[in-house]
Amino acid sequence: MSDRIIRASDFYSPMNEMQKPAKAKDLSCDVYFQLENDDSRVEAAFLKRACVTEPQGKLLLHIRLEASWTDDGSSEGAIESKVWFVIDDTDLENIKKHEAPRRELNLIRMIYVPAVRNPEKRLGATSNSLLARLIRSVNWKEQTKQSVEELLNNLNETLLSEDGLKKINDILSNDWQLYYQDERFSKVALTIDSINLSSLSNRIRSTFTSRASGRTFQPEEMGDGTRSLLYISNVASVLDIEQSILDQDNEGETEPIIAHNPPLLTLVAIEEPENHISPHLLGKLVGRLKSMGMLSNCQVILTSHSPAIVRRTDPESIRYVRLTPEKGVSTIQALELPDKNNFLEAYKYLKLAVQTYPELYFAQLVVLGEGASEEIIIPRFLGAKGYSLDEAGIVFVPLAGRFVHYLWKLLAQLNIPFITLLDLDRERSGGGWGRVSYVLKELHSIQYDVNVLPDGISDITSDGGLNPLLERNVENEEQAKALDDYLVELEQNHVFFSGPLDIDYLMLTYYSEYYKKILRGNEGPIIKNQENQKKKVQDYEPDNVKSSEYHQRALEATKAALKDGTGVTEGGSYSYTDKALMIWYVYFFLGRGKTTTHIQMFEALESNEDTLEAKRNKLLKNIPPVLNRLCEDAAKLLCIEVNK
C-alpha cells in the first residue's frame, strides 16, 4: 500500500528550483489499456469506462492519476490525489472523466519489485501473499475439513497433556490473572496456533529437500539471488494457476477446485532483475519473464542496466530512457528499426547489431569501425591516451562493411554521441570520392550540418546533387591531396577515414618495423628474379628497392591490393614508397589473418621487459595522425582530457 502514496519527491523539480522555490505543483500520470472485444470479463467490468480515440479505432481504457502539492509549511506539504477514468480527451480544455472506484481499479493488479531490495521482504512478501490467497481459495472437501480439525484437536490435547507444558500453562494463567481480570480475556492457555483448516492454510509454505543430505531447507537459508528466482517463480506460478482458472471458466466448469476470481490483468514491474542473480541464470530469468508476458492475464515491464538482459530482449519491445543532464529530465522512446517488408536484410542486420552489442545503449560514446582490425586497434590507442573503453563508457561496434547509415540513424535518434572510422579505399571501387559522397548523403539524412562541401558541389539536398563526386577519380598525388584536405572537414562531423586505403595499410605505414619483426624462419614475401630464382623481399630492402625486379613486384602488389572494379585505376595517386609497402600489405593482410597479425605486432612492440609507461610511449611515438585526432575528438565529446 505504501507504493500508492504520492510523496513530495514525486513532483518534478526544475534545475534552478532552489533559487525560486515553488509554492504549488501538479502532476499527472496517464495509463492506456487496449481492451479486447472477445473478453466478456473485461467488457462487463470496463466497457462503460472505455473510450475510442478515432473512428473504427481500438477500445481503450484510459486511467489518469492527478495529484497536487501545496507548500503549507510542513515538511511534506499538503498533497491531494485522485484517480480518474478518462472517457473523452479529444478536447484538452474539456476532458470528460469519472472518478475511479477502488474496487474497479483492483481488477488491475500491480506487482512492483524495486531495484534495491531485500528479496524476502519485498518480492517474497508479495509472492507468499499471492500463494496464500490461492490456497485459501481452495474448495476443501467437507471430509477433509473434518479430518484436519479432528487431527488438530487431538494434537493439541496430546501435546498439552504433558506435565511440563501443563506446569508452564498453569503458571502463565495464574500470573496473568494477577494483572488482568476482564472476563473476556481472563483465561490464558497454551495452544497450537492452527486450530482449523482455514488458519492452517495460512501457514503452508515452500521448503526444499537436499538430494545429497536429505536435509530440509527454508527459503531464508538460500542466497539472495536464489531467493529472487524463487519468488519470481512463485509469481509466475500464481499467474499460471489463475490462467488455468480462467480457462476452466471459459469451458463451463460448474465446480472449480479453486474458488478464486483472478484480476483482469496483472502488471509485473521489476527494476533491474539482474540484482543478486548470477549472470548464467539471467537467461532463464528473462525466458521466464517472457513466458509470463505471453499469458493473456499478464504484462511484464522491466528496467535494466544489464547488457545480458538487453541481448535477450527483442528490439521492438525496448523503450530507451536517457537522461538529459543539462535539463534534469529523461526522454523515453521506442527504437526506429528499418521497415521489415522493404528492407529485410537491413532490418535483420540492425536487429542483430543491437542484440550483439547491447552495450551501445548504455554508452557515453559509440565508436563505429569497419571490422575486426579496428576492434583490436582503436581500444589500444584510446587506452594509451589515458583511458580505457570501460572506464570512459565507450563502446566499439564493428560495422562489418554494411549499413552504417542505419546505425547512424539509431544512435542519432537515441542521442548517443558517436564517432565513425571508415576505410577510404582510394582507387578502389566505390572508394575515394565515392565514399565521401555516401557519407555526405547519410549525414544529411540524419540532419547533421555539413558546413563545407567539396569543390564543385553546391547542393546535397536535391536528388543527384552528389552525382559528380561518384564520377570523380583520384589518379595522381595532387588529386589525392585535395581529397585528403576535404576529409579534415568531415572530421568536424566525427567521421574519420583510414587512408589512403584502410586501417591495416595505415598501421603498416607507421609500424612496418614491428610488423616485420613477427616473421619467423622463411616467412615473408618473395621476388622471382630474371633467373626465376626466389629471393626474399627483405633482401632487397633498403639498398635495392629501385631495381626493376623490386619495382615490378611493387606494381603487382599494388594492383592486387586495389583489386578490380569500376573506377579502379593503376595506383597513380600512390607514391613509389606507398607501392613498395603494398608488397607487405598483400602479404600480411590479404594472405594471412588480419587480427592475428595485429595482435602479434602489438606483442612485438610492447616488449615484456618494458614498463607500462615505456610501452605506452612506444605505441604513441608513431601514432597515425588520423587516429590521434580521433582520440582527441572522443575526449572532446566525453568532456575529458586526453594525454598528448
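The values are calculated or read from the model by the stated rules, or taken from the named source; none is laboratory data. A quick note: this is a predicted structure, and the numbers were derived from the prediction, not measured. We place every Cβ from the backbone using ideal geometry, glycine too, and count neighbours over all the protein chains shown.
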Can you find even one residue in the range 274-287 that is in contact with a strand residue (DSSP E or B) (Cβ under 9 Å, 6 or more places away or on another chain) and over 30 Å from residue 13 (Cα atoms)? yes
Restricting to helices (runs of 4 or more DSSP H) lying wholly in the range 300-384: which have 1 or more residues that are in the same structural domain as residue 394 (by TED's automatic domain parsing)? 344-356, 372-384
Residue under evaluation residue 344, criteria (1) without any contact (Cβ under 8 Å) to a residue 40 or more places away in the chain; (2) of a type in the set (A, V, I, L, M); (3) under 23 Å from residue 423 (Cβ atoms), criterion not met: (3)
Would you check if there is a residue in the range 331-343 being in contact with a strand residue (DSSP E or B) (Cβ under 8 Å, 6 or more places away or on another chain) and buried (at least 19 other Cβ atoms within 10 Å of the Cβ)? no
Can you confirm whether the range 530-548 contains a residue that is under 19 Å from residue 589 (Cβ atoms) and small (Gly, Ala, Ser)? no
The lone condition residue 148 fails out of (1) part of a loop (DSSP other than H, G, I, E, B); (2) modelled with pLDDT of 75 or more; (3) not acidic (Asp, Glu) is (1)
How about the range 404-441: which of its residues are of a type in the set (Ser, Thr, Tyr) and out of contact with any strand residue (DSSP E or B) (no Cβ under 7 Å at 6 or more places or on another chain)? 406, 429, 437, 438
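Kindly check whether there is at least one residue in the range 421-432 that is surrounded by fewer than 17 Cβ atoms within 10 Å (Cβ to Cβ), in a loop (DSSP other than H, G, I, E, B), over 23 Å from the mean Cα position of the chain (by Cα) and touching a residue at least 12 places away in the same chain (Cβ under 8 Å). Walk me through how you get there before you give the answer.
From the range 421-432, those surrounded by fewer than 17 Cβ atoms within 10 Å (Cβ to Cβ) are 429-430; that's our starting set.
If we keep only those that are in a loop (DSSP other than H, G, I, E, B) too, we end up with 429-430.
Next, from what is left, pick out any that are over 23 Å from the mean Cα position of the chain (by Cα): 429-430.
Cutting the leftovers down to touching a residue at least 12 places away in the same chain (Cβ under 8 Å) gives us 429-430.
Yes, there is a match, as at least one residue in the range 421-432 is surrounded by fewer than 17 Cβ atoms within 10 Å (Cβ to Cβ), in a loop (DSSP other than H, G, I, E, B), over 23 Å from the mean Cα position of the chain (by Cα) and touching a residue at least 12 places away in the same chain (Cβ under 8 Å).
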Is the range 442-461 home to any residue that is within 35 Å of the chain's Cα centre (by Cα), part of a helix (DSSP H, G or I), assigned by TED's automatic domain parsing to the domain that holds residue 415 and hydrophobic (A, V, I, L, M, F, W, C)? yes
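From the set of residues in the range 438-482 that are of a type in the set (A, V, I, L, M, F, W, C) and in contact with a Gly (Cβ under 6 Å, 6 or more places away or on another chain), which is surrounded by the most Cβ atoms within 10 Å (Cβ to Cβ)? Talk me through it step by step, then tell me what you get.
Going through the range 438-482, the residues of a type in the set (A, V, I, L, M, F, W, C) turn out to be 439-440, 443, 446, 450, 452-453, 457, 460, 466, 469-470, 474, 480, 482.
Keeping just the survivors that are in contact with a Gly (Cβ under 6 Å, 6 or more places away or on another chain) gives 470, 474.
Values: 470: 15, 474: 24.
It comes out as 474.
Could you tell me whether any residue of the range 371-392 is closer than 30 Å to residue 561 by Cα, surrounded by 22 or more Cβ atoms within 10 Å (Cβ to Cβ) and touching a Gly at 6+ places or on another chain (Cβ under 9 Å)? Working first, answer last.
Kept after step one, since they are closer than 30 Å to residue 561 by Cα, are these residues of the range 371-392: 371-382.
Those left that are additionally surrounded by 22 or more Cβ atoms within 10 Å (Cβ to Cβ): 373-374, 377-378, 382.
Next, only the ones that are touching a Gly at 6+ places or on another chain (Cβ under 9 Å) stay: 377-378.
Scanning the range 371-392 turns up at least one residue that is closer than 30 Å to residue 561 by Cα, surrounded by 22 or more Cβ atoms within 10 Å (Cβ to Cβ) and touching a Gly at 6+ places or on another chain (Cβ under 9 Å).
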Identify, please: which residue in the range 489-521 is in a loop (DSSP other than H, G, I, E, B) and free of Cβ contacts under 8 Å to residues at least 24 places away in the same chain and is, among those, farthest from residue 371 (Cα to Cα)? 521
If you go through 336, 326, 271, 345, the only one that is of a type in the set (Asp, Glu) and modelled with pLDDT of 85 or more is 271
How about the range 3-58: which of its residues are at pLDDT 80 or above, outside any loop (DSSP other than H, G, I, E, B) and hydroxyl-bearing (Ser, Thr, Tyr)? 9, 28, 32
Scan 493, 522 and give me the residue that is out of contact with any Pro (no Cβ under 8 Å at 6 or more places or on another chain) and modelled with pLDDT under 90. 522
Enumerate the pairs (first residue in the range 386-409 and assigned by TED's automatic domain parsing to the domain that holds residue 350 and under 13 Å from residue 347 (Cα atoms); second residue anywhere and basic (Lys, Arg) and at pLDDT 85 or above) with beta-carbon separation below 9 Å, excluding pairs fewer than 6 apart on the same chain, so at least 6 apart or on different chains. 405/441
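Given the criterion of a type in the set (S, T, N, Q) and within 19 Å of residue 470 (Cα to Cα), identify the matching residue among 388, 373, 437. Walk me through it before giving the result.
Working: 388 fails: within 19 Å of residue 470 (Cα to Cα); 373 fails: within 19 Å of residue 470 (Cα to Cα).
Selected residue: 437, the only one of 388, 373, 437 that is of a type in the set (S, T, N, Q) and within 19 Å of residue 470 (Cα to Cα).
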